[in-house]
Amino acid sequence: MGVEVRALRDAELALAGAVAARALRDNPLMTYSVPGDGLDRLQIAYDTFGDRIQPGMIGALVGGHVIGIAGANAPGGCIAATATPELRTMPGVSPAEAVGYDRARHTVSVMCDHDLDERHIHVGPVGVEPGVQGLGVGSAMLRRICDLLDADGEVAWLETDKPENVPFYRRHGFDVDVEERRLGFPIWFMRRTPR
């Protein structure tokens, strides 16, 4: 397919945010946080992930078109370190009864509850255009990130809410540290020690 895997350039960041949104919009965390119409969820996913795409994140490109994104947030850059106190606080309603902003609060509080206390790089978002998933694009990007993590001696941390992603991340050296079900579906928090 002729996939180029490299650090994204500034002009490619918005395109990468759109790829992340399309790749992740129907994941359980997104459908819990933003129930209903997929188009509304796509816009909110773009707003969410578009803001988190930073220069230097790894992208996969074919003919100059971004088809994948693999982020790695520096220590102190993950949601647990950047979320406001209000967003970090569990709302007074159960996850099943929550609506609107309270769903986002449940999601963020779960993420914050399981953030590592040790220095780490938070990997994510990792997403590939739906039409080219399963062709090795995600693996190529994640290999690049893992090589960088190993060279720097950094611990990595991520979460996934799709069972098929757990063996994918395990192939790259991640191990399940916690399986969380508070939101009504499993979220696997995974840690990787540098090689």
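The values are calculated or read from the model by the stated rules, or taken from the named source; none is laboratory data. Keep in mind that this is a model prediction, so the values were computed, not measured. Glycine gets a Cβ as well: all are built from the backbone with ideal geometry, and neighbour counts include every protein chain shown. Accessible surface areas use protein heavy atoms only, side chains included; no ligands, DNA or RNA. Shrake-Rupley method; radii C 1.70, N 1.55, O 1.52, S 1.80 Å.
Structure summary
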| quantity | calculated |
| --- | --- |
| Solvent-accessible surface (1.4 angstrom probe) belonging to Met57, in square angstrom, nearest 10 | 10 |
| Degrees separating the helix 13-24 axis from the principal Cα axis of the chain, which is the longest one | 60 |
| In Å², nearest 10: area of Thr193 left accessible to a 1.4 Å probe | 70 |
| On Cα atoms only, tilt of 137-152 relative to the major axis of the chain in degrees | 90 |
| With every protein chain in place, the chain: carbon and sulfur % of accessible area (1.4 Å) | 52 |
| Difference of contour (0.36 nm per residue) and Cα-Cα distance, His114 to Thr89 | 7.7 nm |
| Value of Rg/Rh across the chain [Cα atoms, Kirkwood radius] | 0.95 |
| Helical contribution to [θ] at 222 nm, DSSP H n ≥ 4, -39,500 (n - 2.57), averaged over the chain, rounded to 500 | -11000 deg cm²/dmol |
| Antiparallel content of DSSP bridges confined to the chain, in %, to 5 | 90 |
| Exposure ranking of Arg170, Arg105, Arg119 by accessible area [1.4 Å probe, largest first] | Arg119, Arg170, Arg105 |
| J(HN,Hα) series, the range 84-90, from Karplus relation 6.51 cos²θ - 1.76 cosθ + 1.60, nearest Hz, glycine and proline x | 5, x, 5, 5, 6, 8, 5 |
| Modelled label reach - Ala81, point 7 Å along Cα→Cβ, the range 158-191 residues with backbone N closer than 16 Å | 158-159 |
| Between helix 101-113 and the chain: long-axis angle, C-alpha atoms, 0 to 90°, nearest 10 | 70 |
| In Hz, Karplus ³J(HN,Hα) per residue of the range 59-71 (6.51, -1.76, 1.60; θ = phi - 60°; x = Gly, Pro) | x, 10, 10, 10, x, x, 9, 6, 10, x, 9, 9, x |
